[in-house]
Amino acid sequence: MIKLSFHPYVLKPLTSLNSVSTGASRSGALFKVEWPDGNIGYADLHPWTELGDDSLEKQIEGLRKGKISRMMEQTIWLARKDALLRKAGKTFLTAGEKVRNNFLVSNVDEIIPGYLDDVKRQGFSTIKLKVGRNLKDEATAITRIAAADLKIRLDFNGLGSWQTFEKFMTNLSPNERAWIEYVEDPFPYDKAAWAEAKKLIKIAIDAPYAKVDWDNLQKAPFDIVVIKPAKMDVDQAIERCMKFNLKATVTSYMDHPVGVMHALAIAMECKQNHPSIMLDAGCLTHRCYQMDSFSAEMNTQGPFIAGVKGKGIGFDRLLGALPWQSLN
Ligand code: MG
């Protein structure tokens with residue numbers, strides 16, 4: 001039997017992260033997983049109850065009774081990958097293909113011309129913009145990003161309607177629309193309405209992924225799958241992309257730096273194994289939060305992760321020093 005220990009943490013957002021969050025502190029827990037073979041690995045559990053996940057308390061309570069949630073299954077799967085790398089004395093950087101990440105903007109007020117020049121100088125080529133809160137200012141931001149020759153990923157987080165989405169898209173100029181790589185979760189999932197939306201622009205599916213009736217799908221009403229290793233079966237997602245001829249992007253779950261590193265590791269592994277499917281990733285989300293001892297150890301170089309301190313997903317010293325609470 002595996003042995004589980006956990007350590008609750010709090011992340012402090014620098015700003016409201018998306019249209020469903022308020023900017024309040026976010027809780028999650030790190031897990032230490034020990035296998036009977038002596039291997040030890042670490043991973044994150046960071047529920048978004050706003051997006052329908054069970055709360056941390058509920059998932060930990062379930063674990064005490066031997067119930068493993070879908071998210072916790074992923075936590076253990078990722079911890080196993082970490083454990084095997086640690087055992088081999090390697091980091092994930094030696095186990096995959098280099099992956100470029102988009103630059104995440106949670107607040108459109110940040111999009112001023114000089115700022116975009118700086119983002120470009122750092123080496124980023126794509127901006128991901130969380131939209132749906134102030135469509136007028138967001139349209140202005142898109143004009144500026146397109147003028148700066150940066151690709152754009154828009155995320156409505158499933159809010160709004162077909163009508164607001166259609167109006168928003170048709171109000172953009174053809175040049176602006178050409179810079180949009182895709183629109184994620186434009187409005188609540190509806191197969192027919194999404195198929196219509198797909199005629200206007202490339203559509204990516206994120207949160208409603210589990211609602212899709214994959215077994216009875218003839219043609220997917222979207223073009224791209226957002227793979228979140230924190231809560232999705234990655235191999236199954238890749239299989240579905242191949243079956244329905246879709247592209248994929250791996251993103252973090254706006255979680256702890258441990259979750260960010262795991263997402264990066266999966267992004268690199270997917271790119272190595274399926275180069276024709278994988279688009280740039282969206283894992284560098286740790287900067288949405290105030291810096292802590294973990295994010296301070298993340299060594300990034302523009303859109304890339306440049307180094308890892310320690311083995312596996314890193315943070316050896318920090319993880320080793322945490323006051324772990326045993327679960328079983
Ligand atoms: Mg999303």
Whole number in Å², please: accessible area per residue of the chain, 1.4 Å probe, ligands, DNA and RNA not counted. 44
Using 0.36 nm per residue of separation minus the Cα-Cα distance, give me the extension gain between Glu50 and Asn299 in nm, one decimal. 86.6 nm
Quote the charge dipole size of the chain about the Cα centre in Debye, to the nearest 20; the model charges only the Cβ of Lys and Arg (+1) and of Asp and Glu (-1). 500
The chain, relative contact order in percent, only Cα pairs under 8 angstrom and at least six apart counted: 21
Taking the alpha-carbon set of the range 285-328, what are its Rg and Dmax in Å? 12.6, 42
Report in % the part of the accessible area of the chain that belongs to carbon and sulfur, leaving out ligands and nucleic acids; probe 1.4 Å. 50
In whole Å, what is the distance between the alpha-carbon centres of the range 242-260 and the range 140-155? 22
Total charge dipole magnitude, the range 38-136, about the Cα centre, Cβ charges on Lys, Arg, Asp, Glu only, Debye to nearest 20: 400
Over 26 Å (Cα to Cα) among Lys67/Lys128; Lys12/Lys271; Lys228/Lys309; Lys211/Lys243; Lys3/Lys211; Lys12/Lys58 -> Lys67/Lys128; Lys12/Lys271; Lys3/Lys211
Going 7 Å from the Cα of Trp162 toward and past its Cβ, which residues in the range 187-204 have a backbone nitrogen under 14 Å from where you end up? 187-200
Rank these residues by their accessible area, most exposed first, probe 1.4 Å: Ser25, Ser276, Ser55. Ser276, Ser25, Ser55
List the trypsin sites (Lys or Arg not before Pro) within the range 27-70 that fall in a DSSP loop (any state other than H, G, I, E or B) and whose Cβ has at most 13 other Cβ atoms within 10 Å. Lys65, Lys67
Which of Pro36, Ala141, Thr285, positive extreme of dipole for the chain (C-beta unit charges): Pro36
Loop trypsin sites (Lys or Arg not before Pro), the range 71-127 (other Cβ atoms within 10 Å of the site Cβ: 15 or fewer; DSSP): Lys90, Lys98
Could you tell me whether the range 94-308 comes out rounded, prolate or oblate from its Cα gyration tensor? Rule is a ≥ b ≥ c as square roots of the eigenvalues, rounded for a/c under 1.5, then prolate if a/b exceeds b/c, otherwise oblate. oblate
Within 15 Å, Cβ to Cβ, of Asn245, how many net charges do the neighbouring residues add up to if Lys/Arg are +1 and Asp/Glu are -1? +4
When the chain is treated as a GNM, springs tying every alpha-carbon pair under 10 Å, which of Leu56, Leu150, Leu318 comes out with the largest mean-square fluctuation? Leu318
On Cα atoms only, tilt of 257-273 relative to the major axis of the chain in degrees: 70
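The values are calculated or read from the model by the stated rules, or taken from the named source; none is laboratory data. Computed from a predicted structure; not experimentally measured. No Cβ is skipped: glycine too gets one built from the backbone with ideal geometry, and neighbour counts run over all protein chains shown. The area values use the complete protein model at the heavy-atom level, side chains included, leaving out ligands, DNA and RNA. Shrake-Rupley method; radii C 1.70, N 1.55, O 1.52, S 1.80 Å.
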